[in-house]
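**Student:** Below is the structure I would like to discuss, written out as structure tokens.
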Amino acid sequence: GTEKREQPLINLKGYLIGNPITDPKFEKNFQVQGAHGFGIISDQIYEAAMKNCKGNYVKPANQLCAEVLETIDNLISEITDAHVLYKKCVVATPKPIDDAVRRKFLLEESIERNEAPGLDCFTYGYYLAYFWMNNRMTRDALGIKGGTVGEWVRCKK
């Protein structure tokens, strides 16, 4: 329907930026629109960003743009990149997170067993999976012979 301009038109950009981790320049430039569309930033902040940054949110061209982008970053810092409706939860990894690893987290969240997220976090199930997969009865039920598989860790690589 959208390509043929049939009604109702669907703004696909909104769906794309519901999960914007694709390319740092792309995601940052559309993050402001997405945050406004989801009601995370007010009309006033959005209009200030549009006026002062002129659509370039990657490298602020002036002080007013830098200030409004800092405000936006503060407002969106409490939400999860992978899903704007989830609160930000603990995601622990054995090494620093770079952009490539951050994008991988959209497919699989990595969490170490000693880092417990809150019960209300979507990552809590991943935390419990460690204990379940390393439980002797679970391994027996799955037919894993003792000594053939070491400690199971989600997203070990």
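**Student:** Considering only segment 118-153, how many residues are among the charged types (D, E, K, R) and surrounded by 16 or more Cβ atoms within 10 Å (Cβ to Cβ)?
**Tutor:** 1
**Student:** While we're looking at this one, here's another question. Do any residues in segment 58-80 that are without any contact (Cβ under 8 Å) to a residue 12 or more places away in the chain and farther than 16 Å from PHE38 by Cβ have Cβ atoms under 8 Å from those of residues that are surrounded by 13 or more Cβ atoms within 10 Å (Cβ to Cβ) and among the aliphatic types (A, V, I, L, M), where the two are at least six apart or on different chains, and which pairs are they?
**Tutor:** Short answer, once both residue conditions are applied: PRO60/ALA66; PRO60/LEU69.
Just so you know, all these numbers are worked out from the coordinates, no wet-lab data involved. Because the structure is a prediction, the values reported are computed rather than measured. FYI the Cβ positions are ideal-geometry reconstructions off the backbone, even for glycines, and counts take in every protein chain you see.
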